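K.L.:
Dropping a structure here in structure tokens format, bear with me for questions.
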């Protein structure tokens, strides 16, 4: 066994794992927000994430076509792309809630789940249809922005790309902002009240539907930001890209304790690390018998193990049973 | 309005009279049957014919008549049509497979209330159990076993081991269900959902990767040829009747009957479960776990039993599927497949046995026949240059090819179904009551809110 | 409450019937129509390639059908197999009931093609595959099955030989996409590498589409002379791009799944200088191919996908076989068996990208394999890629 390689790559794997973890964390926020308020798995969230990625790509591609891409500095560019992706994804999330979930309020939990699956199928092909008509291609490639591709050397054997750093920074900013918003502001309080008890919140004069829409808007915006960052980070997207990150992010949300915002972040990072270490080390540790292809098995086994010992997730509080 | 409802009442009253209903059902079955026989490729006639099963279910008929009617429809007419149009046999067989899967999942999700997003894993376990033993796969990795397992794959006359393994797979899948159930007993709701999802993915990834270090599943390349059930006795029997038939003609019908038989057993078992103390225990757990424990329901045993029972159906169907397909690889056992089965039971009506059957039938026919027919018809129109609303379909840009958007239509149907009929097509009695209760509560609550809040607003 | 649903149900059924009825009572075969079906994924993540197959076949029918097949109108009937085996088989059973369908062009996935071709075989319906390179496709010895592409086993061998003997590579790290296609090629590359003096440092599969960092880190640490990727361009492009970004200097190589203008679009500079093996000759070698690309672009406003030209050729071979069968049948509509036999009897057919003859199993004989080097990161210059080596190889006999 090659111990020296094992030790040499450790910091690099750590850095990559954290980066991946923050992507999951940002997507997981959408799941966890909606779950916290409505106790439903918003299956269409992965498509909302993809929507953000596509709008981000379109903005960049249109700028590239018009030649504006080279003339705008990297950071304002990032802000524009993020804003566009977040606006589109947030709007879409609100629309989806209005059309496909609100009429089902009060139905058993699995009913909106199936509706969400239907929305997910619809959105995938709707994005494909629009892109095929508009661009005649639905596999989009993010234009390369030289600034983001630069790598910063941390120590001799470890480096990190600017885009990974950006991704981590933006994620942390958003997570902190969101925590403050939900925890400290009046609107956040209203959202928490709706999550606690819709009927009572309504009686207190809180606009329940409005708060639910707001939840979807925020969750969708986080998803959209994740989508745009995902595109910048990994380069290519298609309408079906969201599926795998969506499942992983949902797993992360549950792992951290669903409904819990710091939990989603922790869950995302833990899952990202698990996956990265599994993918990098499986083959080395088993002498080639098991390779990176087993990373999901490893990640899911760890998930099951963690949940056996902490059935409410890492940070999930023990909530009262709804009787 | 009043007139029409009076008319409906009269019709209903007439229909309630068994002789009338019997005549009506017979005429309908034979009539649509004749239409299908006359035009074996017409989808609408076939759908009308399938509708006769619904008619038998809904009309007030003596039990013996229902049994005879179902028997004639499923065991006589359907295979007859199948010999005229092989596609119907395939559709009917797949419907049967999915009905059994839906019934199995219905036990876990619908009755016991344990959300399982990885149900297809048990199907995969069953399929691979037979694929590995019923093909040359095992001998490829362990040639020394050739004396012990006399199971050559792809023998044209099949092997009776198939039936043995139908039972073996039931056991293996049930054990897998227990293995999954044990560690996750403490988890509830969505935690359980995500663990089962992970489990389903793990089984698929294992199937995809267990070609090394030891080759069990042949990885993504898949296993073929997989042995089929023995055909000898059937050929002999047909020969005695003076009918010459090739295996290619016999097997589709043969599989159909095996599936029909297994589905029959599955329905009986599910019914027995549901109406026994076990079924009531499951429903108690679903409705209120702490209360169920307080009433002395053995929680652990009942949950495990639900997992095992649900899994065993999928195991049996896996064996049938792999033998029917002649080939399997992990692509058949993706997460979307699990979601598909879940969709069936929720569309049909959770916890309801006729609902699960109808949901599975509906979704399968929708996917395999109706949506396909829809896009083929549009394609025909496009080729022929038909004009709709002044727009010539021949000018349709290639991006709008109808065949590409079947899934999109399926998605829309799912959403619409949930909005307009959230309790499912045939809800179970208990569910229906819950829905009515919930609606009532909602109305009362809304009334209260209006009373108390309205004056304050603005 | 319960009873009132009968009229509703019946009404709904009747409505559905009324909607579908008028166009759908083709009771018997139409006299002057012959249909060619395609089966490929038209929806879902693999639909780019699947639609490429359908479009290639459609273009062929538009251009060639009227010229080659006289006395009959040839139509294309596209089926969406959703890349799922059970849907593929159901479609197969569906399309064999249409007596006008005399030929199938498909599938994309070997996993779908294998069970579906059991159905075609039972019905003597010829299937010409534009994309399935899995050895099992033809090794079962079905007369109905023919393919215009090479085999994974041979392609892996060609790649390994070229890497070892021509590029003098000493060590390789092999990554594949965990599909029957990618893993198949990669395994044969691995098995042939030591014979050509290449040490295999690692062999790994991944279903990952976006984030290859965790795989690339150990690869970088081992510093291989070459990375071989068994898979399709959409994944490979991202992989190679991230590999270069990580500072990995190894040579890159892949199978014919790399052959798409989207590869440079995705990977940019990273893939300049890399090699790939393919059975589809470059336009310079087969002038027909250049015209095909232009026509395809004119009709569909985009570049052909990797298997589009092969789909065109499959369909073209099918049309020629149809014409031969019609002639043999004295101008009458041939039976499926006659078409199947006519396909197998095609000799020296000059298609877009190769000259085809087939052996008894349905493999192209000899199959021509090309090694091509990518010269530019500009998608528009994809056609100028350099042809490095041409090999003619007889397909291996079926293993039993």
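K.L.:
Can you confirm whether residue A:127 is crowded, with 16+ Cβ neighbours inside 10 Å, part of a helix (DSSP H, G or I) and facing chain B (nearest Cβ under 8 Å)?
P.N.:
Numbers: crowded, with 16+ Cβ neighbours inside 10 Å: yes; part of a helix (DSSP H, G or I): yes; facing chain B (nearest Cβ under 8 Å): no.
Criteria not met by residue A:127.
K.L.:
Checking residue C:207 against (1) assigned to a loop (DSSP other than H, G, I, E, B); (2) in contact with a strand residue (DSSP E or B) (Cβ under 8 Å, 6 or more places away or on another chain): exactly one of these is not met. Which one?
P.N.:
The one condition residue C:207 does not meet is (2).
K.L.:
On to the next question. Which of the residues spanning the range C:326-341 are in a helix (DSSP H, G or I) and in contact with a strand residue (DSSP E or B) (Cβ under 8 Å, 6 or more places away or on another chain)? Write out each step before concluding.
P.N.:
Of all residues in the range C:326-341, those in a helix (DSSP H, G or I) come to C:326-328, C:336-341.
Answer for the range C:326-341, where residues must be in a helix (DSSP H, G or I) and in contact with a strand residue (DSSP E or B) (Cβ under 8 Å, 6 or more places away or on another chain): C:336, C:339, C:340.
K.L.:
Next question, about the same structure. Which numbered condition in (1) under 30 Å from residue B:397 (Cα atoms); (2) surrounded by fewer than 20 Cβ atoms within 10 Å (Cβ to Cβ); (3) within 11 Å of another protein chain (Cβ to nearest Cβ); (4) modelled with pLDDT of 90 or more is the only one that residue A:137 fails?
P.N.:
(4)
K.L.:
Next question. Is at least one residue of the range B:22-37 surrounded by 14 or more Cβ atoms within 10 Å (Cβ to Cβ) and modelled with pLDDT under 85?
P.N.:
No; the residues of the range B:22-37 include none that is surrounded by 14 or more Cβ atoms within 10 Å (Cβ to Cβ) and modelled with pLDDT under 85.
K.L.:
So, in the range B:62-97, exactly how many residues are farther than 15 Å from residue B:264 by Cβ and either within 12 Å of chain C (Cβ to nearest Cβ) or within 11 Å of the chain's Cα centre (by Cα) (or both)?
P.N.:
12
K.L.:
I want to confirm something. Restricting to the range A:227-246 and keeping residues that are in a helix (DSSP H, G or I) and within 11 Å of chain C (Cβ to nearest Cβ), which single residue is nearest to residue B:408 (Cα to Cα)? Spell out how you get there, then give the answer.
P.N.:
Just the residues of the range A:227-246 that are in a helix (DSSP H, G or I), to begin with: A:227-234, A:243-246.
Okay, now just the ones that are also within 11 Å of chain C (Cβ to nearest Cβ), so A:230-231, A:233-234, A:243-245.
Values: A:230: 25, A:231: 24, A:233: 29, A:234: 27, A:243: 16, A:244: 19, A:245: 21 Å.
Only one residue tops the list, namely A:243.
Listed here are the residues, each with its yes/no results for (1) over 15 Å from residue B:113 (Cβ atoms); (2) modelled with pLDDT of 90 or more; (3) out of contact with any helix residue (DSSP H, G or I) (no Cβ under 8 Å at 6 or more places or on another chain).
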residue: B:320; (1), (2), (3): yes, yes, no
residue: B:327; (1), (2), (3): yes, no, no
residue: B:336; (1), (2), (3): yes, no, yes
residue: B:349; (1), (2), (3): no, no, no
residue: B:360; (1), (2), (3): yes, yes, no
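K.L.:
Another question about this same structure. Going through the range A:253-299 one residue at a time, which ones are within 14 Å of chain C (Cβ to nearest Cβ) and closer than 23 Å to residue A:42 by Cβ? Let's see the steps before the verdict.
P.N.:
Step one: of the range A:253-299, the residues within 14 Å of chain C (Cβ to nearest Cβ) are A:268, A:271-299.
Residues satisfying the conditions are A:268, A:271, A:272, A:275, A:296, A:299.
K.L.:
Limited to the range C:376-394, what total is found for residues that are in a loop (DSSP other than H, G, I, E, B) and surrounded by fewer than 14 Cβ atoms within 10 Å (Cβ to Cβ)? Full working, then the answer.
P.N.:
Going residue by residue through the range C:376-394, those that are in a loop (DSSP other than H, G, I, E, B) are C:376-378, C:385, C:394.
Among the residues that remain, those that are also surrounded by fewer than 14 Cβ atoms within 10 Å (Cβ to Cβ) are: C:378, C:394.
Within the range C:376-394, residues that are in a loop (DSSP other than H, G, I, E, B) and surrounded by fewer than 14 Cβ atoms within 10 Å (Cβ to Cβ) number 2.
K.L.:
Checking residue A:293 against (1) within 29 Å of residue C:262 (Cβ to Cβ); (2) buried (at least 24 other Cβ atoms within 10 Å of the Cβ); (3) at pLDDT 85 or above, which test does it fail?
P.N.:
Exception for residue A:293: condition (3).
K.L.:
Going through the range B:414-458 one residue at a time, which ones are modelled with pLDDT of 80 or more and either in contact with a helix residue (DSSP H, G or I) (Cβ under 7 Å, 6 or more places away or on another chain) or assigned to a loop (DSSP other than H, G, I, E, B) (or both)?
P.N.:
Pass one, the range B:414-458, residues modelled with pLDDT of 80 or more: B:414-427.
B:414, B:415, B:417, B:418, B:419, B:421, B:422, B:423, B:424, B:425, B:426, B:427 - these are the residues of the range B:414-458 that are modelled with pLDDT of 80 or more and either in contact with a helix residue (DSSP H, G or I) (Cβ under 7 Å, 6 or more places away or on another chain) or assigned to a loop (DSSP other than H, G, I, E, B) (or both).
K.L.:
Hey, another quick one. Looking at B:253, B:269, B:259, can you tell me which residue is assigned to a helix (DSSP H, G or I) and closer than 22 Å to residue B:128 by Cα?
P.N.:
Values: B:253 fails: closer than 22 Å to residue B:128 by Cα; B:269 fails: closer than 22 Å to residue B:128 by Cα.
Sole residue among the options that is assigned to a helix (DSSP H, G or I) and closer than 22 Å to residue B:128 by Cα: B:259.
K.L.:
Continuing with the same structure: Looking at A:87, A:74, which one is more than 14 Å from chain B (Cβ to nearest Cβ) and at pLDDT below 90? If you could, list the steps in order and put the result at the bottom.
P.N.:
Numbers: A:87 fails: at pLDDT below 90.
Testing whether each residue is more than 14 Å from chain B (Cβ to nearest Cβ) and at pLDDT below 90 leaves just A:74.
K.L.:
Would you say residue B:11 is surrounded by fewer than 19 Cβ atoms within 10 Å (Cβ to Cβ) and either in contact with a helix residue (DSSP H, G or I) (Cβ under 8 Å, 6 or more places away or on another chain) or closer than 20 Å to residue B:425 by Cα (or both)?
P.N.:
Working: surrounded by fewer than 19 Cβ atoms within 10 Å (Cβ to Cβ): yes; either in contact with a helix residue (DSSP H, G or I) (Cβ under 8 Å, 6 or more places away or on another chain) or closer than 20 Å to residue B:425 by Cα (or both): yes.
Yes.
K.L.:
Residue check: is residue C:185 buried (at least 23 other Cβ atoms within 10 Å of the Cβ), farther than 26 Å from residue B:204 by Cα, more than 11 Å from every other protein chain (Cβ to nearest Cβ) and in contact with a strand residue (DSSP E or B) (Cβ under 7 Å, 6 or more places away or on another chain)?
P.N.:
Working: buried (at least 23 other Cβ atoms within 10 Å of the Cβ): yes; farther than 26 Å from residue B:204 by Cα: no; more than 11 Å from every other protein chain (Cβ to nearest Cβ): yes; in contact with a strand residue (DSSP E or B) (Cβ under 7 Å, 6 or more places away or on another chain): yes.
When the stated conditions are applied, residue C:185 does not pass them.
K.L.:
Quick check on my filter: what residues within the range C:209-238 are at the interface with another protein chain (Cβ under 8 Å from one of its Cβ atoms), farther than 22 Å from residue A:143 by Cβ and surrounded by 24 or more Cβ atoms within 10 Å (Cβ to Cβ)?
P.N.:
C:214, C:215, C:217, C:218, listed by residue number.
K.L.:
Let me ask another. If I filter the range A:78-101 for residues that are farther than 28 Å from residue A:154 by Cβ and out of contact with any helix residue (DSSP H, G or I) (no Cβ under 8 Å at 6 or more places or on another chain), do I get at least one hit? Please lay out each step first, then the result.
P.N.:
Narrowing the range A:78-101 to residues farther than 28 Å from residue A:154 by Cβ: A:80, A:83-101.
Filter once more, keeping what is out of contact with any helix residue (DSSP H, G or I) (no Cβ under 8 Å at 6 or more places or on another chain): A:83, A:95.
Yes, the range A:78-101 contains a residue that is farther than 28 Å from residue A:154 by Cβ and out of contact with any helix residue (DSSP H, G or I) (no Cβ under 8 Å at 6 or more places or on another chain).
K.L.:
Give the residues of the range B:126-160 that are more than 22 Å from residue C:140 (Cβ to Cβ), part of a helix (DSSP H, G or I) and at pLDDT below 90, sorted by residue number.
P.N.:
B:144, B:145, B:147
K.L.:
Restricting to the range B:229-250, give me the number of residues that are free of Cβ contacts under 8 Å to residues at least 60 places away in the same chain and outside any helix (DSSP H, G or I).
P.N.:
Going through the range B:229-250 one residue at a time, the tally reaches 6.
K.L.:
A further question follows. Please go through the range C:239-253 and pick out each residue that is closer than 19 Å to residue C:388 by Cα, in contact (Cβ under 8 Å) with a residue 60 or more places away in the chain and either within 23 Å of the chain's Cα centre (by Cα) or within 14 Å of chain A (Cβ to nearest Cβ) (or both).
P.N.:
The one that is closer than 19 Å to residue C:388 by Cα, in contact (Cβ under 8 Å) with a residue 60 or more places away in the chain and either within 23 Å of the chain's Cα centre (by Cα) or within 14 Å of chain A (Cβ to nearest Cβ) (or both): C:253.
K.L.:
Another one. Going by the conditions given, is residue B:382 facing another protein chain (nearest Cβ under 7 Å) and either outside any helix (DSSP H, G or I) or more than 18 Å from residue B:94 (Cβ to Cβ) (or both)?
P.N.:
Working: facing another protein chain (nearest Cβ under 7 Å): no; either outside any helix (DSSP H, G or I) or more than 18 Å from residue B:94 (Cβ to Cβ) (or both): yes.
It is false that residue B:382 is facing another protein chain (nearest Cβ under 7 Å) and either outside any helix (DSSP H, G or I) or more than 18 Å from residue B:94 (Cβ to Cβ) (or both).
K.L.:
Scan the range C:88-95 and give yes if some residue there is at the interface with chain B (Cβ under 8 Å from one of its Cβ atoms), assigned to a helix (DSSP H, G or I), under 23 Å from residue C:43 (Cβ atoms) and in contact with a strand residue (DSSP E or B) (Cβ under 6 Å, 6 or more places away or on another chain), otherwise no. Quick ask: steps written out before the conclusion?
P.N.:
Initially, the range C:88-95 is screened for residues at the interface with chain B (Cβ under 8 Å from one of its Cβ atoms), giving C:89-91, C:93-94.
If we keep only those that are assigned to a helix (DSSP H, G or I) as well, we get C:89-91, C:93-94.
Remaining after also requiring under 23 Å from residue C:43 (Cβ atoms): C:89-91, C:93-94.
Adding the requirement that they be in contact with a strand residue (DSSP E or B) (Cβ under 6 Å, 6 or more places away or on another chain) leaves C:91.
The answer is yes; a qualifying residue exists.
K.L.:
Does residue C:17 satisfy the condition of being at pLDDT 90 or above and surrounded by 16 or more Cβ atoms within 10 Å (Cβ to Cβ)?
P.N.:
Details: at pLDDT 90 or above: no; surrounded by 16 or more Cβ atoms within 10 Å (Cβ to Cβ): yes.
Against the criterion (at pLDDT 90 or above and surrounded by 16 or more Cβ atoms within 10 Å (Cβ to Cβ)), residue C:17 does not qualify.
The values are calculated or read from the model by the stated rules, or taken from the named source; none is laboratory data. These figures come from a predicted structure and were not determined experimentally. Methodologically, a virtual Cβ is constructed for each residue, glycine included, from the backbone with ideal geometry; neighbour enumeration extends over all protein chains shown.
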